[in-house]
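Bear in mind that the values in this text are calculations on the coordinates, not laboratory data. Remember, it's a predicted structure, so these values are computed and weren't measured experimentally. FYI the Cβ positions are ideal-geometry reconstructions off the backbone, even for glycines, and counts take in every protein chain you see.
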Amino acid sequence: MTQPEYVPIASTARVRPAERLPPARTWRAQRPGDLKGPMHPGGHGFGTPGPDQGYALKLAHQMAGRLQPAEDEDLHDAVEGCLGIALRRAALFGRAPVIWDLELAFTLWGYMGDAPADLVQERIGLFKGAAHDYWLQRAIADRVPEATLRLTPAQVRARLKDWRSLLPAGS
């Protein structure tokens, strides 16, 4: 309740006027990383943005025990090389990565077993050093056509003997 003016009051107990903030200034996207429009930029080296992509690493490490790399292949190269494929597939469907995305990627390159010998030779040369080379990871992911990404892991497994139809050389 307010105090009448004729009643003595300490100066520290008086209500002070509130400090008013100035109105916000205008802001424009002028920094190099700011998006200039509603769409994400695309093209060579941009990758495929999607939600919760870091979860794919957890899934990939859970699957690592099931992978069958060749004798002279590094498991880290296999995981990092296939990760981009799984992330592209998840983003294609507009969702976070799930185990089936990784299974498709690993099956496609023959890491889940029963790989033809010529596919193994192809991937040994392609995946060498993929764990430490972003551009190589992008090249591996970009090599898989969208039609292959839309298949189920079972369909890829059934067509693995004819792997060149799933991974055309010119794509």
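List of remarks:
- Normalised by 2.2 N^0.38 Å, where N is the number of residues, the C-alpha radius of gyration of segment 1-74 stands at 2.74.
- Within segment 112-156, the proportion of Cα pairs with more than 11 Å between them is 74 percent.
- Between the labelled values (i) 1.43; (ii) 1.25; (iii) 1.06, the entry that holds Rg/Rh (Cα atoms, Kirkwood Rh) as derived from this structure is (i).
- With 0.36 nm allotted per residue and the present C-alpha distance subtracted, the A158-A13 stretch has 44.0 nm of extension available.
- Residues considered: P23, P49, P69. Largest GNM mean-square fluctuation over the chain, using C-alpha springs under 10 Å, is found at P23.
- Annotation: lysines with alpha-carbon distance below 23 angstrom to K161 (same-chain offsets under eight excluded): K128.
- For the listed peptides 99-110, 84-95, 149-160, 26-37, a ranking on the average number of other beta carbons within 10 Å per residue, highest first, reads 99-110, 84-95, 149-160, 26-37.
- Count Lys and Arg as plus one, Asp and Glu as minus one, and take only other residues whose Cβ is under 9 Å from that of A130; the net charge is then -3.
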